Every structure is written in C-alpha cells, then in structure tokens.
Amino acid sequence: MRTKAPAETRKNNLVSNKLFGEIDENFINYLNWNGLANEDNLLVLSSKLHYYYDYEELKEVTTLINLKKLNLIKHLDDFLQTLYNGLSPRTNFVGCFYDKKTQRRVSMTQRLSRKFLNFLDSRIDIDIDRNDFSKLLESHGFKIIDMTEINGLTYFRTQNYRRAAV
C-alpha cells in the first residue's frame with residue numbers, strides 16, 4: 001500500500017521556488033489524481049517567466065505542465081503544433097482553460113471582473129469551448145486522457161500520440 005505525502009511536500013517537489021506562487025492547490029490536486037505530481041522528467045512552463053528549449057531538451061520530458069491558461073495564448077494553434085513537433089511520443093501535456101460554457105454558470109460580476117482585469121493587463125482572452133478544444137487537440141496529434149472541471153477551470157491531460165519512429 002502506498003502512503004501519500006502531504007500536499008505541501010508534493011507542491012515543493014513539483015515546482016521550484018520561482019513557480020511556487022503560480023501553481024494553485026486545484027492544479028496540484030489534479031496532478032495528484034492523474035499520478036503526475038512526482039514524475040521524474042517533469043517540465044513546468046511558467047505563466048509569467050519565459051524560457052527557451054530546443055527539441056533535444058524536450059526529448060527527455062515525460063510530462064509537460066503548462067501553467068498559463070490556454071485562453072491567454074494568442075496563437076493557440078501554433079502553440080499546439082510546436083508542442084506536437086517537439087514532444088516525444090506518449091509525453092503527457094497538462095494544462096487548463098476557462099470553458100466558455102462553464103463560465104455561463106459563473107456570476108456576471110466574476111466574468112466581467114476577469115475580462116476587465118485581462119483588459120488592464122493587455123491580455124488576450126479567447127473563448128474556448130471544451131468540445132471544440134477537444135477536436136483541436138486531436139487535430140494536432142494529442143489524445144485526451146482526462147478533462148475535469150474544478151471551480152470554474154477545466155484541467156486536462158493529453159498525450160502526444162505520434163507514433164515512434166521504427
């Protein structure tokens with residue numbers, strides 16, 4: 001029987017001190033539910049800090065976690081294509097987004113507040129529909145393993161299902 005470490009310990013193992021404030025408890029819980037929080041070859045992409053990786057560096061990654069909500073990515077199509085080309089077959093890609101259908105259940109005040117803050121920050125805030133997003137992921141070579149809505153955000157786990165070269 002496997003004993004579970006406290007959530008705080010898992011959080012410290014998952015992200016460096018620089019990313020500690022970026023990842024919320026729901027994301028940690030989602031990663032734990034999917035058995036990914038303690039992966040050895042984990043790469044966490046910050047929503048605030050920018051890093052550059054070449055394809056050789058990405059080959060060793062078994063799980064890529066994107067902390068930036070996909071609604072805030074201007075060229076989502078290009079982003080997904082780049083990930084597909086750079087990640088090895090069966091690499092997990094995990095992230096989150098606001099589903100526009102789920103947002104209808106959120107109060108008008110909360111939706112307007114989010115849009116206003118994004119406007120002040122000069123952010124992109126594209127509407128993403130869960131069903132359309134699923135089709136987009138699949139069209140870019142990702143197989144959906146799980147999609148779960150937690151407190152208004154939809155968290156997802158996919159795998160790059162490109163066949164390995166023989």
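Quick check on my link table: of Lys69/Lys135; Lys69/Lys101; Lys74/Lys100; Lys59/Lys100; Lys48/Lys135, which ones sit more than 25 Å apart, alpha carbon to alpha carbon?
Lys59/Lys100; Lys48/Lys135
Lys143: which aspartates and glutamates have alpha carbons under 19 Å from its alpha carbon, excluding same-chain residues fewer than 8 sequence positions away?
Counting by Cα, and skipping residues close in sequence, Lys143 has these aspartates and glutamates nearby: Asp77, Asp78, Asp99, Asp129, Asp132.
Bear in mind these aren't lab numbers, they're just calculated from the coordinates by the rules spelled out. Keep in mind that this is a model prediction, so the values were computed, not measured.
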